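Q: To start, I am sharing the structure in question, which I have written as structure tokens.
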Amino acid sequence: MRRIAGLIFCALSVSLTVSAACEHGCEGNCEHEGLQLRARIGYNIGGTAPLGMPATIRSLEAYHLTPSFMAGADAMLPLGNRWGIQAGLHVENKGMDGEVTTKGYRMKLKMDEDEMEGLYTGHVRQKVRQWMFTLPVQATCRLGSTVMLKAGPYVSLLFSKDFSGYASDGYLRKDDPTGPKVVMGSTEDQWATYEFPDDMRRLQFGVAVGADWQLLQRFGLSLDLSWGLTGLMKSDFKTVEQTLYPIYGTIGIFYRIR
């Protein structure tokens, strides 16, 4: 109950931020219309990260783009000249492929069919795949005749997921900083791997804010930011020290059907 209350509070806070902007954004020239339908496609870019970079992650070595596409449709019902409410259904992938250097980072690895856990120092590559259905419900506010702000909560149901990677060019101290040392090399047969798709949440909650900018009569651009509040992994997953939050921006285009 506390978590649900926190989600509702965050969603309301975001919506109130949008409402403050709307007080000055429309001087009576926003024409009231009926139900609007928009089809949209976009590209997600972002990643899963803790709040604040922990000291055990020393540097980000590389970030590789992934096929993180989004497609869906939204229905927006005006509630007056400025305000409205919008709901949609999107299918999307929120992926990540990154490489970091760590020092003393707690991990659970598999090497030559042996599983081991401890503090790892070296190179880590991490890949995340999250194919999902997302249902956003947002308050909307029109700024003039071409710009619409939107904010509110969303829920996502994952139907395909993966959290995996490998460790190389480093070593693991089993159990604690003075434990036995296991070395990982630079070639694939010397890597240690990890894979935790079963520990990922299937249901995610979060908040999203964004803006639609109508360039032509039917077509426009969109920019959105989503922040998962529940974390990527299940609450009983302790192998990774920090809670990982899915944070993604989406740039896209939309077509106004009506």
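The values are calculated or read from the model by the stated rules, or taken from the named source; none is laboratory data. Because the structure is predicted, anything quoted here is derived from the model rather than measured. Every residue, glycine as well, gets a Cβ built from its backbone with ideal geometry; the counts of neighbours run over all protein chains shown. Each accessible area value is taken on the protein alone, full model and side chains, heavy atoms only, with ligands, DNA and RNA left out. Shrake-Rupley method; radii C 1.70, N 1.55, O 1.52, S 1.80 Å.
Q: Amide H neighbours of Ile85 under 5 Å, counting only residues 5+ apart in sequence or on other chains, H built in-plane at 1.01 Å?
A: Leu77, Leu79, Thr140
Q: Any chance you could give the angle, 0 to 90 degrees and rounded to 10, that helix 2-25 forms with the longest Cα principal axis of the chain?
A: 40 degrees
Q: How much area per residue is accessible in the chain when the probe is 1.4 Å and only protein heavy atoms are counted (Å²)?
A: Here the per-residue accessible area is 52 Å².
Q: Cβ neighbours within 10 Å, averaged per peptide: list 205-217, 125-137 in order, most packed at the top.
A: My ranking of the peptides, most packed first, is 125-137, 205-217.
Q: Then there is this: Using the beta-carbon distance between Met53 and Trp131 and R0 = 25 Å, what value does 1/(1 + (r/R0)^6) give for FRET efficiency, to the nearest 0.05?
A: The computed FRET efficiency comes out at 0.35.
Q: At Phe69 and Asn81, where each label point lies 7 Å from the Cα along Cα→Cβ, what is the point-to-point distance in nanometres?
A: Those two pseudo-labels are separated by 4.2 nm.
Q: Moving to a separate point now. Which peptide among 84-93, 168-177, 49-58 comes first, and what is the full order, when sorted by highest mean count of other Cβ atoms within 10 Å? Don't skip to the end; give the middle numbers.
A: Values: 84-93: 17.4, 168-177: 15.4, 49-58: 13.3.
So the order, starting with the most tightly packed, is 84-93, 168-177, 49-58.
Q: Given a 1.4 angstrom probe, I'd like the percentage of the accessible area of region 62-182 that is carbon and sulfur, rounded to a whole number.
A: The nonpolar share, carbon plus sulfur, comes to 59 percent.
Q: For region 104-258, what relative contact order do you get, as a whole percent, if you take Cα pairs closer than 8 Å and at least 6 residues apart?
A: 21 percent
Q: In straight Cα distance, which lysines are under 17 Å from Lys108, not counting same-chain residues fewer than 8 positions off?
A: Straight-distance partners of Lys108: Lys127, Lys174, Lys181, Lys234, Lys238.
Q: Continuing with this model, one more query. Can you give the extra length, in nm with one decimal, that the chain gains between Glu195 and Ala62 once fully stretched, where that is 0.36 nm per residue apart less the Cα-Cα distance? Write out the running numbers ahead of the final one.
A: On the way: separation 133, 0.36 × 133 = 47.88 nm, distance 2.00 nm.
Separation in residues times 0.36 nm, less the Cα-Cα distance, equals 45.9 nm.
Q: Still on this structure, please answer the following. With each pseudo-label sitting 7 Å past Cα toward Cβ, what's the Ser160-Val147 distance in nm, one decimal?
A: 3.8 nm
Q: What are the ³J(HN,Hα) couplings of region 104-117, residue after residue, when phi is run through the Karplus curve with 6.51, -1.76, 1.60 and θ = phi - 60°? Round to Hz, x for glycine and proline.
A: With the stated coefficients, region 104-117 comes to x, 8, 6, 8, 10, 10, 10, 9, 6, 6, 9, 9, 8, 9 Hz.
Q: Another question about this same structure. Please work out how much length the chain gains when fully extended from Val183 to Ile253, using 0.36 nm per residue of separation minus the C-alpha to C-alpha distance, in nm with one decimal. Don't skip to the answer; put the middle values down first.
A: Numbers: separation 70, 0.36 × 70 = 25.20 nm, distance 4.81 nm.
Using 0.36 nm per residue and subtracting the Cα-Cα distance, I get 20.4 nm.
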